[in-house]
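Peer 1: Next up is a structure, given as structure tokens.
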Amino acid sequence: MIPLEGKIALVTGGSRGIGRACVLGLARAGADVAVNYLIRQDLAKEVCSLVQGYGRRAFPFQADVSNSSEVNRMIGAVEERMGGVDILVNNAGIARRYPWDQVPEEGWDEIMRVNLKSAFLVTQAVLPGMRARKWGRIINISSGAAATGGVVGPYYAASKAGMLGMTHGYASLTLKEGITVNAVAPSLIETEMAHRDLRVDPKSTPIGRMGTVEEVSEVVVMLARNGYITGQTIFVNGGRHMT
Ligand code: NAP
């Protein structure tokens with residue numbers, strides 16, 4: 001296990017939910033953290049203050065990570081203010097409810113852009129620096145839906161399954177370069193997405209409760225510290241899907 005002191009992490013969608021827990025977990029493990037957000041600047045600033053309380057650096061960076069020019073602007077700003085990104089957590093994502101047989105084409109495009117293309121854009125932007133430094137960790141927050149179909153819909157499951165293919169592709173290409181690429185696939189975690197967007201019934205989970213954001217972030221921190229696990233998907237799902 002490698003200590004994360006001196007490493008710079010970037011968490012997309014770090015203002016709340018699973019991303020926020022990843023920011024705090026990585027900072028507790030020693031990393032400085034760039035906190036990306038889309039709209040909730042108040043929450044992004046609040047999580048940065050908590051990180052500074054641990055004696056680590058953290059700054060908020062606004063960007064729509066589904067847009068290449070915003071991603072390139074954000075990565076430029078992170079590099080200028082904090083240094084090159086060593087640990088990337090591709091976490092930003094959305095879930096929209098549509099009747100499964102009436103998904104609008106723009107709904108499909110939006111989910112693919114925000115959940116899948118964003119991870120490609122940010123990965124492409126940080127990989128040259130990781131390759132030059134011969135060290136990097138990329139952790140993609142997929143979903144149990146990639147394996148089971150899930151509770152949102154086929155469009156969401158497809159975006160999250162796409163992340164797994166992307167994980168395998170980048171992992172196999174970076175094997176010899178000190179870079180690991182893995183996915184974490186949660187299901188039914190207590191966040192605004194699960195409660196407000198999806199109205200999940202906690203009793204519907206096999207284990208009888210929803211997962212906590214910390215139960216996801218501790219896996220992300222483990223993957224950031226481990227140099228031998230690559231190309232894997234770790235399910236954090238309370239027994240919803242067994243592998
Ligand atoms: P959440 O509570 O809704 O938080 C979403 C985060 O993503 C927020 O920080 C939001 O920023 C950010 N975001 C959304 N669109 C963005 C964009 N275009 N550019 C930059 N940031 C953007 O979601 P969550 O439940 O924590 O989910 C986090 C990830 O885990 C997602 O990829 C989700 O699909 C996945 N996941 C969640 C569950 C679950 O049960 N919760 C299960 C499986 C997988 P603002 O705060 O600025 O809006």
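Peer 1: Given the structure, is residue 160 in a helix (DSSP H, G or I) and without any contact (Cβ under 8 Å) to a residue 24 or more places away in the chain?
Peer 2: On the way: in a helix (DSSP H, G or I): yes; without any contact (Cβ under 8 Å) to a residue 24 or more places away in the chain: no.
Considered against the rule, which asks whether it is in a helix (DSSP H, G or I) and without any contact (Cβ under 8 Å) to a residue 24 or more places away in the chain, residue 160 comes out as no.
Peer 1: Among the helices (runs of 4 or more DSSP H) lying completely within region 1-118, list those that include at least 2 residues that are modelled with pLDDT of 95 or more and of a type in the set (Ser, Thr, Tyr). It would help to see each step written out before you state the result.
Peer 2: On the way: elements: 17-28, 41-53, 68-81, 105-111.
Qualifying helices (runs of 4 or more DSSP H): 68-81.
Peer 1: Need the failing condition index for residue 33 against (1) closer than 23 Å to residue 223 by Cα; (2) hydrophobic (A, V, I, L, M, F, W, C); (3) in contact (Cβ under 8 Å) with a residue 60 or more places away in the chain, just the number.
Peer 2: (3)
Peer 1: Can you confirm whether region 172-183 contains a residue that is small (Gly, Ala, Ser), within 20 Å of residue 231 (Cβ to Cβ) and touching a Pro at 6+ places or on another chain (Cβ under 8 Å)?
Peer 2: Let us first name the residues in region 172-183 that are small (Gly, Ala, Ser), namely 172, 178, 183.
If we keep only those that are within 20 Å of residue 231 (Cβ to Cβ) too, we end up with 172, 178, 183.
In the following step, the residues that additionally are touching a Pro at 6+ places or on another chain (Cβ under 8 Å) were identified as none.
No, there is no match, as no residue in region 172-183 is small (Gly, Ala, Ser), within 20 Å of residue 231 (Cβ to Cβ) and touching a Pro at 6+ places or on another chain (Cβ under 8 Å).
Peer 1: Of the numbered conditions (1) at positive phi; (2) surrounded by fewer than 19 Cβ atoms within 10 Å (Cβ to Cβ), residue 169 satisfies every one except a single condition; which is it?
Peer 2: It is condition (1) that residue 169 fails.
Peer 1: Could you say which residue among 180, 174, 191 is without any contact (Cβ under 8 Å) to a residue 60 or more places away in the chain and either within 10 Å of the ligand (Cβ to nearest atom) or touching a Ser or Thr at 6+ places or on another chain (Cβ under 6 Å) (or both)? First the steps, then the outcome.
Peer 2: Values: 174 fails: either within 10 Å of the ligand (Cβ to nearest atom) or touching a Ser or Thr at 6+ places or on another chain (Cβ under 6 Å) (or both); 191 fails: without any contact (Cβ under 8 Å) to a residue 60 or more places away in the chain.
Being without any contact (Cβ under 8 Å) to a residue 60 or more places away in the chain and either within 10 Å of the ligand (Cβ to nearest atom) or touching a Ser or Thr at 6+ places or on another chain (Cβ under 6 Å) (or both) holds for just one of 180, 174, 191, which is 180.
Peer 1: Additional query: Suppose the filter is more than 23 Å from residue 218 (Cα to Cα), in contact with a Lys or Arg (Cβ under 8 Å, 6 or more places away or on another chain), aliphatic (A, V, I, L, M) and more than 8 Å from the ligand (Cβ to nearest atom); does residue 74 pass it? Spell out how you get there, then give the answer.
Peer 2: Details: more than 23 Å from residue 218 (Cα to Cα): yes; in contact with a Lys or Arg (Cβ under 8 Å, 6 or more places away or on another chain): no; aliphatic (A, V, I, L, M): yes; more than 8 Å from the ligand (Cβ to nearest atom): yes.
Judged against the criteria, residue 74 is not a match.
The values are calculated or read from the model by the stated rules, or taken from the named source; none is laboratory data. Here the structure is a predicted model, which is why all the values come from computation and not from measurement. Backbone-built Cβ (ideal geometry, glycine too); neighbour counts: all protein chains shown.
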